[in-house]
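The next block holds one structure in the form of structure tokens; read it before the comments.
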């Protein structure tokens, strides 16, 4: 029987974008290791010659990458105040607080991981496993004896890029997730000392792939199935592993698609809050490379004339190239020896203007650029930046709370504490309320004036201003007065020269 492990088109279409955000969050070394994926060569014709490779290496070394995306993520996770957060669980489930996945991850760690992944790529998968296939070794195609596993419900996480296929259908009387295939990647380690010495610490490590299927069959009964690849047997599919609750088949997949929006019928295509910040950081990275390239052209160029014609053939070996290099010394054939030094005229103002404009744009969408100057305007921009973050964190916290409560309720179900028909009701009573101090915003007069000035300068529409003022803490009644003030302002018209 053929086994289809091809990634769904919609998931595959966004894979490069997902990996882009992940790389940007990792930081400058990983972005630079991405080479032309994130910084195309300035030489569009020749990319493979020794000269072109050397030129690109110099071009990339000069490029500066700002880690504003990572700084924004750190700032937003900090605003969640997870250190001051202690959930209250039934004594039978208290083990989840310190070991939610069976591998030592705490419930706080799970919460932070969910928040980080949603901010980056919009959604993340968390599934409850009980005496099933998610906890067995990667290379095993079936579960071991249940008695040997000493089963306790655990919560396993799967990244967006690990989702190979997913399908939603109307089953058991409602539209829900019917099928999902998840990729698990691990490493097998050769513990033979002699082999490790011979391989010089490299060959003993190799990737192992396996696929977990979580699905409802034609009767709406939940099962798990594992597909394992081996060099000897190719892809091997295990038998369906059905999970029952009090001898009754489970009628839903015990999984949550954690997001900052409700996900019921399809996986969102869009990426997370950090994506546009990541894009701007990459644009700045490319502009920085061009800026440094332009700076090099301002270094004086020396041309030496006086070489005889025979020396022209030696130009390449003499100069190490076949072209006139800006900012270096070039030797040319001539009747007499002369030395000429020239400098490039021009301005770098456009680069400098872009640098500041892009920083302001990052701040305006909630990104952290930790170099505010002093003054009322900068403080106001910081307040607006914080309000943008709060507008993102509120639905994020709501989505995490709802999902984690459901996951804990699934664990309670597997522990025999609640019937599967009562899971939603049980989840509603779980004490898992995350801090929301970050959302307390009081209207600030300077911030309101700043927004009005943005509209007056035609840098913001009234619709955008309305959303901004609501985020800054104004209520509808107060907002009407502010917008009326905006409407009475004569727009600034810049004369055309």
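The values are calculated or read from the model by the stated rules, or taken from the named source; none is laboratory data. Everything numeric here is computed off the predicted structure, so don't read it as measured data. Positions of Cβ are backbone-derived with ideal geometry, glycine not excepted, and every protein chain shown enters the neighbour counts.
Couple of notes before you dig in:
- Residue selection: residue 86 satisfies the criterion of being in the same structural domain as residue 370 (by TED's automatic domain parsing), more than 26 Å from the chain's Cα centre (by Cα) and under 27 Å from residue 391 (Cα atoms).
- Those helices (runs of 4 or more DSSP H) lying entirely in the stretch 378-477 with at least 3 residues at pLDDT 90 or above and under 28 Å from the mean Cα position of the chain (by Cα): none
- Of all residues assigned to the stretch 52-71, none qualifies as being part of a strand (DSSP E or B) and either surrounded by 17 or more Cβ atoms within 10 Å (Cβ to Cβ) or modelled with pLDDT of 95 or more (or both).
- Tally of residues being over 33 Å from the mean Cα position of the chain (by Cα), part of a strand (DSSP E or B) and either free of Cβ contacts under 8 Å to residues at least 12 places away in the same chain or closer than 23 Å to residue 401 by Cα (or both) across the stretch 235-263: 1
- One residue alone among 163, 118, 100 is at pLDDT 90 or above, under 12 Å from residue 408 (Cα atoms), within 27 Å of the chain's Cα centre (by Cα) and surrounded by 19 or more Cβ atoms within 10 Å (Cβ to Cβ), and that residue is 100.
- Residue count, the stretch 362-377 (criterion: part of a helix (DSSP H, G or I), more than 13 Å from residue 66 (Cβ to Cβ) and modelled with pLDDT of 75 or more): 1
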